[in-house]
Structures are given as C-alpha cells and as structure tokens.
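What follows is one structure encoded as structure tokens, with my remarks underneath.
Just so you know, all these numbers are worked out from the coordinates, no wet-lab data involved. Computed from a predicted model, the values in this text were never measured in an experiment.
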Amino acid sequence: WHFDVGPEQFDPPPAVQSALVGIRFVSPEELRRRLGGVSPAHYRMVARTSFGKRRKMLRRSLRDLMAGQPGGDASKAEPELARDWMEKRPEELSAAEFVELTGQLCGRDESSWNPTEPVWRKKKHGWNVENR
C-alpha cells in the first residue's frame, strides 16, 4: 500500500475509498523459502478454492477439495482440519496461514516443484521461458 486516493480524484466520484498498491515479485528461491515445502500449485489451488465460495467458512469451501484427495470422502473431510481452521472465512487468514493450511491438506513435497514452471501467470497472459 502506497497511499490513499480520495473519491474526489475521479469523475464521477465513487462512493468508496481507493488506494494505490504495489506488487513486488520474489525470486524462485525466496518463494521456495516462504512456502516451506508446499507446492506453489497446491497453494494456488487451496487459495482459489477457499475464495471461490463467497462468504463461506473454510469447512464448506474446502469440503469438495478435501473429498477429492486420494482416499477422500466428503463426509469425513471436515474432521481432518482443526476446528479453528474450519470456523474461519478465507479473508481472515494470512498468507502464512494459507501455507500452513495447504501443508495440512496437500502435504509438503519440494521434490515435485519445478521452479521454471509458471504457477501464477499463464501462457495466454504472455508468460514464456524467454521472458524470465
């Protein structure tokens, strides 16, 4: 977050406050350190699934994902997470808590992570090996 932008800066002025934010990308080595053994693809899958059902608690939004795990069963999925995880909404978790949640759901396996493979950007958005 850099600074707030007031509604008077727009025409017509919106009924909301705005802010200018910046995004800083990190190196693959730093990403590996921050994820602590969690696959970036798994992290993305858990985050997207969590936020996919608006205003739902994690127990509901992640139920289908947990049932889809090998040996998973939707009726047995909820008890796999600690109660404090199940009763939260995704917007209440920090990025570090999503890493921990992903580790609980999908495990930690750095050997399956290829740092040259795109995780967030897709080829249709202009990603290719030459751009790195």
Inset, instruction - Quick one: which residues, 5 or more positions from Ser18 or on another chain, have an amide H under 5 Å from its amide H? H modelled 1.01 Å from N in the peptide plane, none for Pro or chain starts. - result: Val5
Legend entry - Cα gyration tensor shape for the stretch 12-51, rounded if a/c is under 1.5, else prolate or oblate: oblate
Inset, instruction - Work out how far the C-alpha atoms of the stretch 1-71 reach from end to end along every principal axis, then list the three figures in whole Å, largest first. - result: 55, 33, 14
